[in-house]
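Before any comments, here is the structure.
Readers should treat all values here as calculations from the given coordinates under stated rules, not as data from a laboratory. A quick note: this is a predicted structure, and the numbers were derived from the prediction, not measured. A quick note on method: Cβ atoms are made from the backbone with ideal geometry, for glycine too, and the neighbour counts reach across all protein chains shown.
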Amino acid sequence: MTSEAARHALYARLKEVLGGEHADTLMTSLPMETANRLATKDDIDRLEDRMADFAAEIRSEVREMRKEAHTQFRNYTITTVGAMTALTAIFGVIVGVLG
């Protein structure tokens, strides 16, 4: 783990050896975070697994929502056809009585 003091000492030495511009370039390319904060390949693999699980969960929920929407649409269609049939029958009776 690199302390801030160690980074300053490194910068000072680099400035002596390479010059200010090159020292600045090199120091900006070095990570500011401590090594324990950087992600490892294992961290990335675990994240990938979690994301794959999350994506599978989302796909499952979307499938469920599609099933529910299909059921609701089917029920709506049956209700609408039934209501229209009843209204047509009622209209037929009214026309028959009045006609």
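Under the 0.36 nm per residue contour assumption, what length would be gained going from the current alpha-carbon distance of Asp24 and Glu48 to full extension?
My answer for the length gained is 5.1 nm.
About its Cα centre, how strong a charge dipole does the chain have in debye, to the nearest 20, once Lys and Arg get +1 and Asp and Glu get -1 at the Cβ?
That gives a dipole near 480 debye.
Can you tell me the FRET efficiency between Arg7 and Ala55 if r is taken as the Cβ-Cβ distance and R0 is 41 Å, rounded to the nearest 0.05?
Rounded to the nearest 0.05, the efficiency is 0.55.
Could you point to the residue in Ala89, Asn75, Leu10 farthest towards the positive end of region 4-98's charge dipole, with +1 and -1 charges on the Cβ of Lys/Arg and Asp/Glu respectively?
Ala89
Can you bin every Cα-Cα distance in the chain into 5 Å intervals starting at zero and give me the percent of pairs per bin, rounded to whole numbers?
2, 10, 8, 8, 6, 6, 6, 5, 6, 5, 5, 5, 4, 4, 4, 4, 3, 3, 3, 2, 1, 1, 0
With runs of 4+ DSSP H residues as the only contributors, calculate the mean residue ellipticity of the chain at 222 nm using -39,500 (n - 2.57) per run, divided by the residue total and rounded to the nearest 500.
After summing the helix terms and dividing by the residues of the chain, the value is -30000 deg cm²/dmol.
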